[in-house]
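Enquirer: Okay, handing you the structure first.
The values are calculated or read from the model by the stated rules, or taken from the named source; none is laboratory data. Everything quoted here is computed from the prediction, not taken from an experiment. Every residue, glycine among them, receives a Cβ derived from its backbone with ideal geometry; neighbour counts consider all protein chains shown. The accessibility values were calculated without ligands, DNA or RNA, using every heavy atom of the protein model including side chains. Shrake-Rupley method; radii C 1.70, N 1.55, O 1.52, S 1.80 Å.
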Amino acid sequence: MRKQKGFSLIELLIVVAIILIIAAIAIPNLLRARISANESSAASSIRTINTGQMSFIAAYPATGFSSTVTALGPPAATGCPATGPVVANACLIDWALSQAITAPTAKSGYYFGMGNPAGGPPNTGYTVGGAAGGFNQSGVRGFCSNEDGVIHYDPTHNAAPTTVALTCTTAPYIQLQ
């Protein structure tokens, strides 16, 4: 009788089944953790844009608040030019955030939009919104804020970023705690 070395087919199938069961439990938790991280980043990005807007209105009072997210950032990925910031490129937020204005250019799974009330310049207000680039993949909540600096969220926002002040401050939007 020869002794066989190695594992039987049944033993290998049991090991593969155990691995698949562990993966089925772990993968949804990892996806939820990634969505949670993306949503935290989006709320932080809204805060950064709010801070940039306050600096923008102080630097360019004749213009008021910026009318686009892009205008708050530098003109190129290399940063602010040697000539310094201008109204069209104020260099107040980073390049990645200033370019995250469509789903394909999303920053940490979210993209952003800006709206201003009619009647400017100077722009007397703004509303910035953030939406998931892929609903249920990169996030499920939508975020928005306006010149008061309070961040609101919609628990099931599956649309473009909210850029209207009244929409941002009424249901289904809830104040972020």
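Enquirer: Please list, ordered by first then second residue, the pairs with beta carbon atoms under 9 Å, 6 or more apart or interchain, first in region 43-60 and under 17 Å from Val86 (Cα atoms) and part of a helix (DSSP H, G or I), second open to solvent by 10 Å² or more (accessible area, probe 1.4 Å) and hydroxyl-bearing (Ser, Thr, Tyr).
Expert: So the pair list comes out as Phe56/Thr63; Ile57/Thr63.
Enquirer: Could you grab me the full set of residues in region 144-156 that are touching a residue at least 60 places away in the same chain (Cβ under 8 Å) and within 21 Å of Ser55 (Cα to Cα)?
Expert: Cys144, Ser145, Glu147, Gly149, Ile151
Enquirer: Now, a different point. Which members of region 128-158 meet the condition of being in a loop (DSSP other than H, G, I, E, B) and either open to solvent by less than 60 Å² (accessible area, probe 1.4 Å) or under 15 Å from Ser44 (Cα atoms) (or both)?
Expert: Passing the criteria: Gly133, Gly134, Ser138, Val140, Arg141, Gly149, Val150, Pro155, His157.
Enquirer: Okay, moving on. Looking only at residues that are open to solvent by 60 Å² or more (accessible area, probe 1.4 Å) and either at pLDDT below 95 or of a type in the set (A, V, I, L, M, F, W, C) (or both) in region 38-58, which one is nearest to Pro117 (Cα to Cα)?
Expert: Met54
Enquirer: Among the residues of region 68-101 satisfying the criterion of being of a type in the set (Ser, Thr, Tyr) and surrounded by fewer than 18 Cβ atoms within 10 Å (Cβ to Cβ), which is farthest from Thr124 (Cα to Cα)?
Expert: It comes out as Thr78.
Enquirer: If I filter region 109-123 down to residues being modelled with pLDDT under 95 and assigned to a loop (DSSP other than H, G, I, E, B), which single residue comes out as nearest to the chain's Cα centre (by Cα)?
Expert: Per the stated criteria, the residue is Asn116.
Enquirer: So which residues in region 168-177 are surrounded by 13 or more Cβ atoms within 10 Å (Cβ to Cβ), without any contact (Cβ under 8 Å) to a residue 40 or more places away in the chain and in contact with a Phe, Trp or Tyr (Cβ under 7 Å, 6 or more places away or on another chain), if there are any at all?
Expert: Residue satisfying the conditions is Tyr173 alone.
Enquirer: Same structure again: I'd like the full set of residues that are under 16 Å from Ala96 (Cα atoms) and of a type outside the set (S, T, N, Q), limited to region 37-74.
Expert: Answer for region 37-74, where residues must be under 16 Å from Ala96 (Cα atoms) and of a type outside the set (S, T, N, Q): Ala42, Ala43, Ile46, Arg47, Ile49, Gly52, Val69, Ala71, Leu72, Gly73, Pro74.
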